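First comes the structure, then the notes that go with it.
The values are calculated or read from the model by the stated rules, or taken from the named source; none is laboratory data. Bear in mind that the values here come from a model prediction, so they are computed numbers and not experimental data. Note that each Cβ is placed from the backbone with ideal geometry, even for glycine, and that neighbours are counted across all protein chains shown. We work out accessible area using only protein heavy atoms, side chains counted, and drop any ligands, DNA or RNA first. Shrake-Rupley method; radii C 1.70, N 1.55, O 1.52, S 1.80 Å.
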Amino acid sequence: MHVLNVDGIKKHFRSDMSLAKREVLRGVTFHAREGEVLGFLGPNGAGKTTTIKVILGLIRAHAGSVAIFDRPPGDRRSMARVGYLPEMPYFYPHLSLTEFLEFCGRMSGVGRSDLPGRIDRIAEMVDLTPHRSKRLKSFSKGMLQRAGLAQAILHDPDLLILDEPFSGLDPVGRKMVRDILVDLKKRGKTIFFSSHILSDMETLCDRVCIIRDGVIAKSVVLDDLLKMGEGTVEVAARGWRPEMMQGIREYVESVRTTGEDAFLVVREQRFVRPVIERLFGGGAEVLAVVNRHRTLENLFLREIGRPDARTAKEKKEEKLVFTGF
Ligand SMILES: Nc1ncnc2c1ncn2[C@@H]1O[C@H](COP(=O)(O)OP(=O)(O)OP(=O)(O)O)[C@@H](O)[C@H]1O
Ligand SMILES: [Mg+2]
């Protein structure tokens with residue numbers, strides 16, 4: 001079952017100065033299955049926050065449709081099952097954390113008798129128990145981010161929509177948020193979150209949608225990504241001598257040497273055996289053979305057209321600038 005369906009949404013903004021339209025979402029389509037952790041990845045300005053706002057019914061799309069639990073955005077019953085962490089949450093500065101969570105709990109329909117126990121548990125989860133009576137205006141950025149996450153999960157929603165949940169957190173805070181998300185996933189919750197931190201996406205997500213210039217450029221299942229491979233294999237050897245290249249030259253993409261150690265990048269898996277046989281035959285020792293799988297980072301850079309987006313002319317010009325020094 002699809003918990004979230006986003007189908008061909010388009011959104012434009014008009015600039016303040018002219019009536020010209022700027023199309024920010026140009027037909028965004030994706031879905032999230034029940035129990036799935038779906039990452040939303042894209043460069044700054046790609047349209048992630050705008051998409052999330054459309055999904056939640058905070059702004060209206062000009063075309064396309066959204067369904068959350070098969071209902072349109074803003075539907076009261078389905079929205080009660082959604083937890084949302086905005087990119088830039090607003091906090092009432094004079095409230096203490098407890099007062100803030102009491103307010104959020106009442107707004108999201110948590111029963112009066114349930115609320116104190118839940119606040120205790122959630123404050124503990126986000127490691128803010130010692131700060132519960134402090135006013136939010138005295139909180140640091142990372143503490144506010146954790147308070148934001150606390151309000152998003154307080155009513156035990158089935159779908160979490162988190163816009164940059166790792167932003168402003170130190171490594172301990174990041175691990176804590178990661179652990180919370182892993183725990184929620186184990187409990188069958190569906191999580192849709194945007195982030196720039198690719199390693200967090202890699203460890204958490206079942207699938208990642210890459211958005212570029214207002215369209216989904218790619219949707220990738222993380223398990224498939226790890227299986228895909230770049231095609232190359234790295235071989236580390238000790239006792240390397242340059243003459244060992246004879247007979248294997250066409251199998252090897254590059255060789256890096258430090259003293260008698262060499263690091264060979266073998267073009268394809270099927271060339272690994274002859275390369276290793278050659279190394280052994282020459283009296284070298286093989287220290288490691290590593291399959292270079294494709295990472296989310298190189299896929300992301302490829303999809304958004306960096307770092308090779310510069311044309312040959314641009315690269316040449318760049319070189320000329322440096323030669324000029
Ligand atoms: N209310 C608005 N009025 C005019 N332009 C807007 C408005 N909101 C967003 N935009 C523009 O839409 C584009 C997409 O913005 P959005 O905030 O969705 O990007 P994002 O992918 O979330 O980026 P980031 O990674 O920086 O958070 C940007 O160019 C932004 O300037
Ligand atoms: Mg954003």
- Which members of segment 125-181 meet the condition of being acidic (Asp, Glu), within 28 Å of Phe69 (Cα to Cα) and assigned to a loop (DSSP other than H, G, I, E, B)? Asp156, Asp158, Glu164
- Query: Between a first residue in segment 152-179 that is free of Cβ contacts under 8 Å to residues at least 40 places away in the same chain and a second residue that is more than 16 Å from ligand 1 (Cβ to nearest atom) and of a type in the set (S, T, N, Q), which pairs have beta carbons less than 8 Å apart while being 6 or more apart in sequence or on different chains?
  - Reply: Arg178/Thr203
- Query: Counting only residues that are basic (Lys, Arg) and closer than 26 Å to Arg14 by Cα, which one in segment 38-92 is nearest to ligand 2 (Cβ to nearest atom)?
  - Reply: Lys48
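Each row is one residue, and each column tells you yes or no for (1) over 26 Å from Arg273 (Cβ atoms); (2) in contact with a His (Cβ under 9 Å, 6 or more places away or on another chain); (3) away from ligand 2 (no atom under 16 Å from the Cβ); (4) acidic (Asp, Glu).
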residue	(1), (2), (3), (4)
Val172	yes, no, yes, no
Ser195	yes, no, no, no
Ile211	yes, no, no, no
Lys218	yes, no, yes, no
Val235	no, no, yes, no
Gly239	no, no, yes, no
Glu243	no, no, yes, yes
Gln246	no, no, yes, no
Val252	no, no, yes, no
- Note on the structure: Going through segment 256-299 in order, the residues found to be touching a residue at least 12 places away in the same chain (Cβ under 8 Å), open to solvent by 50 Å² or more (accessible area, probe 1.4 Å) and either among the hydrophobic types (A, V, I, L, M, F, W, C) or in a strand (DSSP E or B) (or both) are Thr257, Phe263, Glu285, Leu287, Val289, Val290, Asn291
- When Leu25 is evaluated against the numbered criteria (1) closer than 30 Å to Phe139 by Cα; (2) within 16 Å of ligand 1 (Cβ to nearest atom); (3) modelled with pLDDT of 95 or more, which criterion, by number, is the only one it fails? (1)
- Message: Given (1) farther than 20 Å from Asp200 by Cβ; (2) modelled with pLDDT of 95 or more; (3) open to solvent by 30 Å² or more (accessible area, probe 1.4 Å); (4) within 16 Å of ligand 1 (Cβ to nearest atom), identify the lone condition not met by Gly57.
- Response: (2)
- Query: Does Leu38 qualify as being within 16 Å of ligand 1 (Cβ to nearest atom), touching a Cys at 6+ places or on another chain (Cβ under 9 Å) and open to solvent by less than 20 Å² (accessible area, probe 1.4 Å)?
  - Reply: yes
- Task: Sort out for me the helices (runs of 4 or more DSSP H) sitting completely within segment 1-117 that have 2 or more residues that are touching a residue at least 24 places away in the same chain (Cβ under 8 Å) and under 25 Å from the mean Cα position of the chain (by Cα).
- Result: 48-55
